[in-house]
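Reviewing the structure listed below.
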Amino acid sequence: MKKMLILFFLICFCMIQSCTQGVPQLGKASVDKVVGAMTTEEKVALLVGVGMPGFGGGGAVVGETQLLVPGAAGATTAIPRLGIPSIVVADGPAGLRISPLREGDSATYYCTAFPVGALLASTWNTELVEQVGKAMGNETLEYGVDVLLGPGLNIHRNPLCGRNFEYYSEDPLLTGKIGTAMVKGIQSNGVGVSVKHFAVNNQETNRTGNDARLTARALREIYLKAFEWIVKEAAPQTVMSSYNYINGEYASESRDLLTSILREEWGFKGIVMTDWFGGKQAPVQVHAGNDLLMPGRPDQTKAILDALADGSLNPEDVDTNVKRILELILATPRFKGYAYSNKPDLKAHAEITRTSAAEGMVLLKNNDALPLSPNTRTIAFFGTTSYDFIAGGTGSGDVNEAYTVSLTEGLRNAGYTLDAELVARYETYRADQVAKQPKDESPFAQFFNQARIPEFIPERALTEKKATEADVALITIGRNSGEFTDRKLEGDFELTPQETGLIKQVTDAFHKQGKKVVVVLNIGGVIETASWKDIPDAILLAWQGGQEGGNSVADILKGDVNPSGKLTMTFPVRYLDHASSANFPYNYSTDPQQMMRAMSSMVGAGKGNQPKEPERNVDYTIYEEDIYVGYRYFDTFGKEVSYPFGYGLSYTNFEYTVASDAGNPYAVNVTVTNTGSKAGKEVVQLYVSAPEAEADRPEKELKAFAKTHLLQPGESEAVTLVLLPDDLASFDEKENAWVVAEGNYKLRIGASSGDIRGELTLENISRQITAKVHDVLKLDVPVATLIHQ
């Protein structure tokens, strides 16, 4: 019997050898020869992902597969006879998202929950962000994943976008520089990234059917610029096309976007993949240059084959996309045979997330309350989020981490004593509230933003008692958001009456005892602060700091770390002060069942759920504010803000000395001196103001920045910020070109957009065209006409 088995396997081996003899193998033969050896069916199979079991070839909008790496978002189709392996892609922007547990396996596969994108950008520290990227990429590599689906580069057009926590800023330059650092860090491990969502994906409401209608100038200057920088400076291996339409055309079906702009203008060499179930017409996506359709559905395969058969799709389009996917596969660790360990250094990465989180937290207010006095021993913790700290957002931006350090744990670790009576009251209240919440058994439940527990206000007598017993009060306000829905105005952007009441009650009681009150904002996006910020003594914007968030906050409160984070977006006085508020679905009510039907429709047939009568700000959104996004609007039109772009306090003070560079008129030399008593870091920001004759230009625009090293008291550092002529250009729609206007330009050096410390003039600049571009993706009618229709 044994001899017969051996003979059987030898015969099988010989048959395989004879079948593959002379057949080109990927990596041994040229890509062109491999493509030439592929059948039409094999080519099409490579363009469509393997799908996800359990959904008829499709899966949840937030993807998950059990193939190769359980819990990964998807994979490509393997073609063994040609030596083409399947490669694996996985979420996400705040750390790798895979299943932490596997059936029949006692090992664990937890990943590090790094700080959310909004926090990392608030560090303004590209070297630190690149370090985070290296750690994130290492986990991607060691867990056997080939492409990490991130970072997210969409602009904070409006403070209520549900995924702003994943994105970096309202400013394209800051987004581009931070994103470049992240991409370089991740890809230094030999794995790839997928920068997303390309492009103009600035709301979650009806994200698969919304048509973003905007001028070519706004598209080029605000919404594409960060992608352009990253493509040119960091060479991402993949780009993810977005769900939405742009001026009437699906992003994933737009050849103008994916070929004319991305490849021909910018020189992108990688592949484009769809967002999960994005787009409607697979053959159109293939022609557009959308190489890989994810996660893959049988109807997409059939549609492409039918289009090839009837001649409506050119076989050269298929071959081009296949070649690009094969070139990506050749570059992957899986193809190269990397022996991944499944054991990344999670302990070392926890230290990186703790350090980076602390550096990105922003001190908004401080009336001698922070750092906490060395005599502080007992802290009275108020606010339900103090006991249920939020590490990050929901959806594909979530991570399956082994633990999250709460704020109470972090302060205990720092040596402080928590008021035991308050702890018991809040924990009892939280347990009761959790028990009352209905359980959602739907397959999408894990990706929805779960309702936060209503705020608990202790009896006034108890609060007054704690004011006599504790040394200081700490109140935490929490917010979370994620995919599928945008944030709301009431009880989200605005504080609830209970939260405001808690701040007032606690502050009143502790101030009567001559004690301080600190508010910690454990949030993922902008909230209203103007109406209550004068009440407490200090406000720390802690963002969502990942799994070590509680320790990071404690490091700042204790003074072990001097806060150096700066805002990457504007905090308005009122939501409606935002220029985009008139064209955003802030008051749109989402029916959960309707949303489920829409997502199921996407999964099953790739079709949106459009009503008969298009609804403004839901089915289409007019970008009426044009280029005036964030501080570009507030500063240009003199609108008062609560906290300006680039703002952030420190435990020390810095003095600026600004001078021109004799050898380069486009360079600015800045000497930063720490004039305070504590070591700290400062962010130097360079804004440019166009000649006064240029009426339709923002009052100023960020064009460069730099962060100092840790300056000791009395220490100085010289920083040189260098511009290029291109940095002065704006997009001229009539000429389809980037044009530098003639005249004098103001170079303004500041600690924020509202705190300018020095100014120089770049004189007598001549008009020049720096780049001509394709005449594509333009509106058929002016924005003003759309508004009045």
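A few comments on the model shown:
- The range 340-365, residues that are over 30 Å from residue 533 (Cβ atoms), open to solvent by less than 20 Å² (accessible area, probe 1.4 Å) and aliphatic (A, V, I, L, M): 350
Condition check ((1) farther than 28 Å from residue 766 by Cβ; (2) touching a helix residue (DSSP H, G or I) at 6+ places or on another chain (Cβ under 9 Å); (3) open to solvent by 20 Å² or more (accessible area, probe 1.4 Å); (4) assigned to a loop (DSSP other than H, G, I, E, B)) across all residues:
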| residue | (1), (2), (3), (4) |
| --- | --- |
| 639 | yes, yes, yes, yes |
| 658 | no, no, yes, no |
| 662 | no, no, yes, yes |
| 678 | yes, no, yes, yes |
| 686 | no, no, no, no |
| 718 | yes, no, yes, no |
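- Some residue of the range 646-655 being farther than 30 Å from residue 578 by Cα, modelled with pLDDT of 95 or more, open to solvent by 10 Å² or more (accessible area, probe 1.4 Å) and not in a loop (DSSP other than H, G, I, E, B): yes
- Elements of type strands (runs of 3 or more DSSP E) in the range 191-288, at least 1 residues being within 27 Å of residue 582 (Cα to Cα): 192-198, 211-213, 238-241
- Residue identified as open to solvent by 40 Å² or more (accessible area, probe 1.4 Å) and modelled with pLDDT of 95 or more among 337, 296: 337
- For the range 660-688, a tally of residues being touching a residue at least 60 places away in the same chain (Cβ under 8 Å) and of a type in the set (Gly, Ala, Ser) returns 3.
- When the range 546-600 is filtered for residues that are charged (D, E, K, R) and either assigned to a loop (DSSP other than H, G, I, E, B) or modelled with pLDDT under 95 (or both), the ones remaining, listed by number, are 560, 566, 574, 591, 597.
- Of residues in the range 496-510 being in contact with a strand residue (DSSP E or B) (Cβ under 7 Å, 6 or more places away or on another chain) and of a type outside the set (S, T, N, Q), the one nearest to residue 373 (Cα to Cα): 510
- Cβ separations smaller than 6 Å between residues 6+ apart or across chains give the following pairs from the range 216-227 residues that are open to solvent by less than 10 Å² (accessible area, probe 1.4 Å) to residues that are of a type in the set (Ser, Thr, Tyr): 218/623; 226/175.
- Residue 76 vs. criteria open to solvent by 10 Å² or more (accessible area, probe 1.4 Å), more than 15 Å from the chain's Cα centre (by Cα) and either modelled with pLDDT of 95 or more or of a type in the set (S, T, N, Q) (or both): no
- Among the residues of the range 80-93, those identified as open to solvent by 10 Å² or more (accessible area, probe 1.4 Å) and out of contact with any Ser or Thr (no Cβ under 7 Å at 6 or more places or on another chain) are 80, 83, 85, 93.
- Among the numbered conditions (1) surrounded by fewer than 24 Cβ atoms within 10 Å (Cβ to Cβ); (2) at pLDDT 95 or above; (3) in a loop (DSSP other than H, G, I, E, B), the only one that residue 67 does not meet is (2).
- From 204, 130, 139, residue being closer than 24 Å to residue 777 by Cα and out of contact with any strand residue (DSSP E or B) (no Cβ under 8 Å at 6 or more places or on another chain): 204
- In the set (1) in contact with a Ser or Thr (Cβ under 8 Å, 6 or more places away or on another chain); (2) at pLDDT 95 or above; (3) more than 19 Å from residue 153 (Cβ to Cβ), the condition left unmet by residue 279 is number (2).
- For the criterion of being over 28 Å from the mean Cα position of the chain (by Cα), more than 30 Å from residue 288 (Cβ to Cβ), at pLDDT 95 or above and in a loop (DSSP other than H, G, I, E, B), residue 312 fails.
- Residue match in the range 295-305 (condition: in contact with a strand residue (DSSP E or B) (Cβ under 9 Å, 6 or more places away or on another chain) and among the hydrophobic types (A, V, I, L, M, F, W, C)): yes
- Which numbered condition residue 407 fails, given (1) within 24 Å of residue 651 (Cα to Cα); (2) without any contact (Cβ under 8 Å) to a residue 60 or more places away in the chain; (3) not polar (S, T, N, Q): (2)
The values are calculated or read from the model by the stated rules, or taken from the named source; none is laboratory data. On a predicted model such as this, the values are computed, not experimentally measured, just so you know. Cβ coordinates were reconstructed from backbone atoms using ideal geometry, including for glycine residues, and neighbour counts include every protein chain displayed. Note: accessible area is taken over every heavy atom of the protein model, side chains too, but ligands, DNA and RNA are not part of it. Shrake-Rupley method; radii C 1.70, N 1.55, O 1.52, S 1.80 Å.
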